[in-house]
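Here the structure is laid out as structure tokens; the discussion comes afterwards.
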Number of protein chains: 2
Amino acid sequence: MPDPFSFRQIAVDGAARRGEIVTPHGRVQTPAFMPVGTQATVKGLMPNDVRATGAEIVLGNTYHLMLRPGAERIAALGGLHAFMHWPLPILTDSGGFQVMSLSALRRLEEHGVTFRSHLDGAMVELTPERAVEIQALLGADIAMQLDECLRLPAGREEISRAMQLSLRWAERSKRAFESKAREGYALFGIVQGGDDITLRAESARELTGMDFQGYAVGGLAVGEPQDVMLKIVKETAPLLPQDRPRYLMGVGTPHDLLEAVKRGIDMFDCVLPTRNGRHGMAFTRYGAVNLANARHANDARPLDEQNSHPAARTYSRAYLHHLTKANEMLGAVLLSTINLAYYQELMAGMRAAIEGGHFDAFRAETMAGWERGDIQAL
Amino acid sequence: MPDPFSFRQIAVDGAARRGEIVTPHGRVQTPAFMPVGTQATVKGLMPNDVRATGAEIVLGNTYHLMLRPGAERIAALGGLHAFMHWPLPILTDSGGFQVMSLSALRRLEEHGVTFRSHLDGAMVELTPERAVEIQALLGADIAMQLDECLRLPAGREEISRAMQLSLRWAERSKRAFESKAREGYALFGIVQGGDDITLRAESARELTGMDFQGYAVGGLAVGEPQDVMLKIVKETAPLLPQDRPRYLMGVGTPHDLLEAVKRGIDMFDCVLPTRNGRHGMAFTRYGAVNLANARHANDARPLDEQNSHPAARTYSRAYLHHLTKANEMLGAVLLSTINLAYYQELMAGMRAAIEGGHFDAFRAETMAGWERGDIQAL
């Protein structure tokens, strides 16, 4: 019998929280970063190698998985954990974001959204009920409600309409989820409202009244400046219940993570560490490093001697430069690994700092490291 | 002080040999298969994962490495072993084969070959002396003489001319190698002569007189039918000294390996297991499997439950099919791993069979397995 889903706050430091989520597939220490496993794989990495970076949970994309290989197929094969051989917790998004960003043709109605698959052109319908069903078929430990996600900037009326629709979809999602409740599995509601704090507050209040197991702040990292995003996070987080995890969707850079944790966020997902890794960019304690740059060609030093992951300490910058220039798959694999390890190290550092009551000092030191850069390399 | 280079024959079974090569970076059990690490990486695989397939030696391509990142650069960075973080033996080819197959413009003269780099269009000269120098800079445990490799079919006169040139280059290679002899490092001569057994015999006799540490059979797997290749191997192998390893360059399929070992070959390299793996093809004990085929879409069984490598036993065919169809990097990584593991398992099986004196039975059983196919899947 798995533990029921739960979240407990272990320590606080200002608005920053140190917590633990319990799911049917294990525990997640928060603040947590979730590597993105879009098509049932964190691109290029074996599951054990993802674990070795320190990840305790990964994200799967409902939109991609429903289209290929299909949710019913994954269910028949034992669920997403078995399919991708990832035994730890999985969170799936609802598909709403990718419907907006990836399908050229879509029709949004009260009932749901109908869109043309970017793979084979088939028309597919996604409703709040179907999104919940798909995520149950996948076996996600944490499922997300279907919402409508706008790009910013957008007009207030449009933002309000989408937020209200997302609230009605939240209610339908919750009803569908509860009709087939599985012990310990969770559904999160998603706060919408764009860059309008009044609308965000209304969304947070209504969602909180529905009593989800966790709450996401959605519709950010969609084109707005960082200060706008952080302002929304700062104003929204205190409106959410203390005893539920808070998840900032699709965010972000290491700096975004530091600032959002400071403002009370517990969970993140983002493609940056893997996508940028595939393009020769490394995240390190002394900032971002572009391995394609010729200055690395003769540099025998590893990327980051202080990183806890062997990949960051083992391979020379010259080798990573060579793999990047030669467009070798191993370059993508190693830099994705190194970046995920850095993200996890950053999260672990934040967790320890919150526990120790010195989060602001950790934040300042970390940012100073990025700004100082890699002095030896200059 | 590393052991000096040596080869000893441990057992024979007919013409098949079970042996051991000692190099400065360790021992290699023969018959041995060498994964190809063209650009200082076995494509997509971390060095430890290559080792975990059972590989004891890898091949590096002089042509690619001299152009990018450059032999002097690799030497300054500590040599190819350190650069690619592969601590076991490395064999490098001489670059001759790729000069013929990859550079559009080339001029062959007695002195050497001048060619246009496929990377930046620069004109580059490769001589027997420079090929030896490059391989010493890389730190190859086993270096190959520069030779001229023709495509087949070719006329007898052309084949004879190229073979004679290769002999003169062999002599120059040996002189260059000995002028800077490094204890324990080896240079192999390459038998040429196309599909003409008289020319092959002449080449083998002349090379043997020069006393190389090992001998390759080159200029095969270049378009000729398998029976022609095997005939040349069968006739050539007995002309080479028993106390030196014999290497069949660029070969081949699992069936090629079985047949060539039967005829007295000790070493192989080939891109097939990794290249085909990147294109959704798996080599298994029941033959080749095309994972792109829709019949695998719902198949929860692993690819090969009897393979000694976890990757072949862990992931379902449905998952490998999905990764292949979705063009996911992890599909290439897993299938390359699985294929290399199968090749190594095949070599280990041959070694054990030769030691046990039942190579022909092993060969017959292995081929019957391929022909029988995957009965459950039908």
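Residues being acidic (Asp, Glu) and either within 29 Å of B:Ala136 (Cβ to Cβ) or assigned to a strand (DSSP E or B) (or both): count how many of those fall in the stretch B:182-199.
In the first step, residues of the stretch B:182-199 are kept if they are acidic (Asp, Glu); the result is B:183, B:195-196.
Restricting the remaining residues to those that are either within 29 Å of B:Ala136 (Cβ to Cβ) or assigned to a strand (DSSP E or B) (or both) gives B:183.
Within the stretch B:182-199, residues that are acidic (Asp, Glu) and either within 29 Å of B:Ala136 (Cβ to Cβ) or assigned to a strand (DSSP E or B) (or both) number 1.
Quick one: A:Met329 ticks every box in (1) farther than 27 Å from B:Asn48 by Cβ; (2) touching a Lys or Arg at 6+ places or on another chain (Cβ under 6 Å) bar one, so which box is it?
Failed condition: (1).
A:Tyr315 fails exactly one of the following numbered conditions: (1) out of contact with any strand residue (DSSP E or B) (no Cβ under 7 Å at 6 or more places or on another chain); (2) among the aromatic types (Phe, Trp, Tyr); (3) within 13 Å of chain B (Cβ to nearest Cβ). What is the number of that condition?
(1)
So B:Gly60 passes all but one of these: (1) more than 24 Å from B:Ile190 (Cα to Cα); (2) within 14 Å of another protein chain (Cβ to nearest Cβ); (3) touching a residue at least 12 places away in the same chain (Cβ under 8 Å). Which condition number does it fail?
With respect to (1) more than 24 Å from B:Ile190 (Cα to Cα); (2) within 14 Å of another protein chain (Cβ to nearest Cβ); (3) touching a residue at least 12 places away in the same chain (Cβ under 8 Å), B:Gly60 is out only on (1).
Scan the stretch A:154-181 for residues that are assigned to a loop (DSSP other than H, G, I, E, B) and either surrounded by fewer than 13 Cβ atoms within 10 Å (Cβ to Cβ) or modelled with pLDDT of 95 or more (or both) and jot them down. Outline the logic, then answer.
Looking only at the stretch A:154-181, we keep the residues that are assigned to a loop (DSSP other than H, G, I, E, B), and these are A:154-155, A:180-181.
A:Gly155, A:Lys180, A:Ala181 - these are the residues of the stretch A:154-181 that are assigned to a loop (DSSP other than H, G, I, E, B) and either surrounded by fewer than 13 Cβ atoms within 10 Å (Cβ to Cβ) or modelled with pLDDT of 95 or more (or both).
Yes or no, residue by residue, for (1) out of contact with any Ser or Thr (no Cβ under 7 Å at 6 or more places or on another chain); (2) at pLDDT below 95; (3) within 9 Å of another protein chain (Cβ to nearest Cβ); (4) open to solvent by less than 10 Å² (accessible area, probe 1.4 Å):
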site	(1), (2), (3), (4)
B:Ile10	yes, no, no, no
B:Ala16	yes, no, no, yes
B:Ile21	no, no, no, yes
B:Pro24	yes, no, no, no
B:Thr30	yes, no, no, yes
B:Phe33	yes, no, no, yes
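Among what's in the stretch A:344-365 and is in contact with a helix residue (DSSP H, G or I) (Cβ under 7 Å, 6 or more places away or on another chain) and surrounded by 24 or more Cβ atoms within 10 Å (Cβ to Cβ), pick the residue that is farthest from A:Thr274 (Cα to Cα).
Within the stretch A:344-365, the match that is farthest from A:Thr274 (Cα to Cα) is A:Phe359.
Return the residues of the stretch A:218-229 that are touching a Lys or Arg at 6+ places or on another chain (Cβ under 7 Å) and crowded, with 19+ Cβ neighbours inside 10 Å; say none if nothing qualifies. Steps first, answer last, please.
Initially, the stretch A:218-229 is screened for residues touching a Lys or Arg at 6+ places or on another chain (Cβ under 7 Å), giving A:222-223.
A:Val222, the sole residue that qualifies.
Any residue at all in the stretch A:27-41 that is among the β-branched types (Val, Ile, Thr) and assigned to a loop (DSSP other than H, G, I, E, B)?
Here is the first cut: in the stretch A:27-41, the ones among the β-branched types (Val, Ile, Thr) are A:28, A:30, A:36, A:38, A:41.
Subsequent filtering for residues that are assigned to a loop (DSSP other than H, G, I, E, B) retains A:38, A:41.
Among the residues of the stretch A:27-41, at least one is among the β-branched types (Val, Ile, Thr) and assigned to a loop (DSSP other than H, G, I, E, B), which makes the answer yes.
Within the stretch A:328-335, identify whether any single residue is within 30 Å of A:Lys262 (Cβ to Cβ) and open to solvent by 50 Å² or more (accessible area, probe 1.4 Å), and answer yes or no. Before the answer, list the steps.
Within the stretch A:328-335, the first condition is being within 30 Å of A:Lys262 (Cβ to Cβ), and the residues that meet it are A:335.
So of that shortlist, the ones also open to solvent by 50 Å² or more (accessible area, probe 1.4 Å) come out as none.
The answer is no, given that none of the residues of the stretch A:328-335 is within 30 Å of A:Lys262 (Cβ to Cβ) and open to solvent by 50 Å² or more (accessible area, probe 1.4 Å).
Can you tell me how many residues within the stretch A:205-251 are more than 19 Å from A:Ala15 (Cα to Cα), in a loop (DSSP other than H, G, I, E, B) and in contact with a helix residue (DSSP H, G or I) (Cβ under 9 Å, 6 or more places away or on another chain)?
Total satisfying the criteria: 9.
How many residues does the stretch B:296-309 contain that are open to solvent by 70 Å² or more (accessible area, probe 1.4 Å) and either in contact with a Phe, Trp or Tyr (Cβ under 7 Å, 6 or more places away or on another chain) or modelled with pLDDT of 95 or more (or both)? Lay out the reasoning, then the answer.
At the first step, the residues of the stretch B:296-309 found to be open to solvent by 70 Å² or more (accessible area, probe 1.4 Å) are B:298, B:305-306, B:308.
Imposing the further condition that a residue be either in contact with a Phe, Trp or Tyr (Cβ under 7 Å, 6 or more places away or on another chain) or modelled with pLDDT of 95 or more (or both) reduces the set to B:298.
Number of matching residues: 1.
Conditions tested, residue by residue: (1) more than 12 Å from every other protein chain (Cβ to nearest Cβ); (2) closer than 20 Å to B:Cys270 by Cα; (3) touching a His at 6+ places or on another chain (Cβ under 6 Å).
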residue: B:His64; (1), (2), (3): no, yes, no
residue: B:Ala75; (1), (2), (3): no, no, no
residue: B:Val99; (1), (2), (3): yes, yes, no
residue: B:Ala104; (1), (2), (3): yes, no, no
residue: B:Pro128; (1), (2), (3): yes, no, no
residue: B:Val132; (1), (2), (3): yes, no, no
residue: B:Ala140; (1), (2), (3): yes, yes, no
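Looking at (1) surrounded by 16 or more Cβ atoms within 10 Å (Cβ to Cβ); (2) touching a residue at least 60 places away in the same chain (Cβ under 8 Å), find the lone condition where A:Pro87 falls short.
(1) is the only condition that A:Pro87 fails.
Tell me yes or no: at least one residue of the stretch B:35-50 is touching a strand residue (DSSP E or B) at 6+ places or on another chain (Cβ under 9 Å), away from chain A (no Cβ under 14 Å) and crowded, with 21+ Cβ neighbours inside 10 Å.
Step one: list which residues in the stretch B:35-50 are touching a strand residue (DSSP E or B) at 6+ places or on another chain (Cβ under 9 Å), which gives B:35-40, B:42-43, B:47, B:50.
Applying the additional criterion that residues be away from chain A (no Cβ under 14 Å) yields none.
Among the residues of the stretch B:35-50, not one is touching a strand residue (DSSP E or B) at 6+ places or on another chain (Cβ under 9 Å), away from chain A (no Cβ under 14 Å) and crowded, with 21+ Cβ neighbours inside 10 Å, which makes the answer no.
Please determine whether any residue of the stretch B:361-376 is closer than 24 Å to B:Ile21 by Cα, assigned to a helix (DSSP H, G or I), more than 14 Å from every other protein chain (Cβ to nearest Cβ) and in contact with a strand residue (DSSP E or B) (Cβ under 7 Å, 6 or more places away or on another chain).
no
Residue pairs, Cβ under 6 Å, 6 or more apart or interchain, first in the stretch B:161-190 and under 16 Å from B:Met144 (Cβ atoms), second open to solvent by 10 Å² or more (accessible area, probe 1.4 Å) and aromatic (Phe, Trp, Tyr). List them.
Final answer for the pair search is B:Ala186/B:Phe5; B:Leu187/B:Phe177.
Within the stretch A:94-121, take every residue that is among the aliphatic types (A, V, I, L, M) and surrounded by fewer than 16 Cβ atoms within 10 Å (Cβ to Cβ) and give me the one that is farthest from A:Thr38 (Cα to Cα). Steps first, answer last, please.
Step one: list which residues in the stretch A:94-121 are among the aliphatic types (A, V, I, L, M), which gives A:99-100, A:102, A:104-105, A:108, A:113, A:119.
Filter once more, so that each one left must be surrounded by fewer than 16 Cβ atoms within 10 Å (Cβ to Cβ): A:104-105, A:108, A:119.
On the way: A:Ala104: 19, A:Leu105: 21, A:Leu108: 24, A:Leu119: 15 Å.
That would be A:Leu108.
Counting only residues that are out of contact with any Leu (no Cβ under 9 Å at 6 or more places or on another chain) and open to solvent by less than 40 Å² (accessible area, probe 1.4 Å), how many does the stretch A:238-260 have?
Within the stretch A:238-260, the first condition is being out of contact with any Leu (no Cβ under 9 Å at 6 or more places or on another chain), and the residues that meet it are A:238-239, A:241-245, A:255.
Checking which are open to solvent by less than 40 Å² (accessible area, probe 1.4 Å) leaves us with A:241, A:245.
Looking only at that region, the number is 2.
Are there any helices (runs of 4 or more DSSP H) wholly within the stretch B:52-92 with 2 or more residues that are more than 15 Å from A:Asn298 (Cβ to Cβ), and if so which?
Working: elements: B:62-67, B:71-76, B:80-84.
In the stretch B:52-92, the matching helices (runs of 4 or more DSSP H) lie at B:62-67, B:80-84.
Residue-wise test of (1) in contact (Cβ under 8 Å) with a residue 60 or more places away in the chain; (2) in a helix (DSSP H, G or I); (3) within 14 Å of chain B (Cβ to nearest Cβ).
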position	(1), (2), (3)
A:His322	no, yes, yes
A:Ala332	yes, yes, yes
A:Gln344	yes, yes, no
A:Gly349	no, yes, no
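Scan the stretch A:263-295 for residues that are in contact (Cβ under 8 Å) with a residue 40 or more places away in the chain, in a loop (DSSP other than H, G, I, E, B) and open to solvent by less than 40 Å² (accessible area, probe 1.4 Å) and report the count.
The number of residues fulfilling the criteria is 7.
Looking at A:Glu202, is it in contact with a helix residue (DSSP H, G or I) (Cβ under 8 Å, 6 or more places away or on another chain), buried (at least 17 other Cβ atoms within 10 Å of the Cβ), within 17 Å of A:Arg130 (Cβ to Cβ) and not small (Gly, Ala, Ser)? Even if it seems obvious, please write down each step before you answer.
Numbers: in contact with a helix residue (DSSP H, G or I) (Cβ under 8 Å, 6 or more places away or on another chain): yes; buried (at least 17 other Cβ atoms within 10 Å of the Cβ): yes; within 17 Å of A:Arg130 (Cβ to Cβ): no; not small (Gly, Ala, Ser): yes.
Considered against the rule, which asks whether it is in contact with a helix residue (DSSP H, G or I) (Cβ under 8 Å, 6 or more places away or on another chain), buried (at least 17 other Cβ atoms within 10 Å of the Cβ), within 17 Å of A:Arg130 (Cβ to Cβ) and not small (Gly, Ala, Ser), A:Glu202 comes out as no.
With the structure loaded, tell me whether B:Ser336 is under 25 Å from the mean Cα position of the chain (by Cα), away from every other protein chain (no Cβ under 14 Å) and under 25 Å from B:Val50 (Cβ atoms) or whether it fails that test.
Numbers: under 25 Å from the mean Cα position of the chain (by Cα): yes; away from every other protein chain (no Cβ under 14 Å): no; under 25 Å from B:Val50 (Cβ atoms): yes.
Criteria not met by B:Ser336.
The values are calculated or read from the model by the stated rules, or taken from the named source; none is laboratory data. Note that this is a predicted model, so its numbers are computed, not measured. Methodologically, a virtual Cβ is constructed for each residue, glycine included, from the backbone with ideal geometry; neighbour enumeration extends over all protein chains shown. The protein model used for the area step is the full one, side chains on, heavy atoms only, and it has no ligands, DNA or RNA in it. Shrake-Rupley method; radii C 1.70, N 1.55, O 1.52, S 1.80 Å.
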